[in-house]
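The values are calculated or read from the model by the stated rules, or taken from the named source; none is laboratory data. From a predicted model like this one, the values you see are computed outputs, not experimental measurements. Every residue, glycine as well, gets a Cβ built from its backbone with ideal geometry; the counts of neighbours run over all protein chains shown.
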Amino acid sequence: MHIKKRGGQVAIEFIFLIAIAFSISIIFTYALVDQAIELNDEKEFVAVQDISFKIQNEIKIASEAESGYARNFELPETIQTFEYNISIINTILLVTTKNKQYVRIVPQIEGNMKKGWNRICRTDSAILLETGSCVYS
């Protein structure tokens, strides 16, 4: 026996299938957006970690060098697309963005680090940053 479907029933089934497809696409889109946010967070963390390592390495090299060592190095205005700030308090280097922060231990230094060009110098008594000129003894 063959049952004939009426037009109204077909329309309801069609709407039901469209609703299921729409629900699946919303779930899929949500999962993709969530993954994109997670990937962006990871990208930001790696960028902050990399710039903090670069700064730490510059200070460490100067601390191990002999008196008279001087070097210019540049820190970018942004790391990838992220704005960041640098703070050095005693022996703590802190690199922060809007959502992330990374801390590293560095040798004691005098002066302030800034975005753009920096000069780091080693004298008998100290490691100097952004002082314009180094006085060697």
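Just wondering, is there one or more residues in the range 111-123 that are at pLDDT 90 or above, of a type in the set (Ser, Thr, Tyr) and in a loop (DSSP other than H, G, I, E, B)?
No: zero hits.
Closer than 17 Å to residue 128 by Cα and either touching a residue at least 40 places away in the same chain (Cβ under 8 Å) or in contact with a strand residue (DSSP E or B) (Cβ under 8 Å, 6 or more places away or on another chain) (or both): is that true of residue 112 in this structure?
In short, yes.
If we keep just the residues of the range 79-124 that are out of contact with any helix residue (DSSP H, G or I) (no Cβ under 9 Å at 6 or more places or on another chain) and surrounded by 12 or more Cβ atoms within 10 Å (Cβ to Cβ), which is farthest from residue 40 (Cα to Cα)?
The qualifying residue farthest from residue 40 (Cα to Cα) is 123.
Evaluate the range 25-37: report whether one residue or more is surrounded by 10 or more Cβ atoms within 10 Å (Cβ to Cβ), small (Gly, Ala, Ser) and in contact with a Ser or Thr (Cβ under 9 Å, 6 or more places away or on another chain).
no
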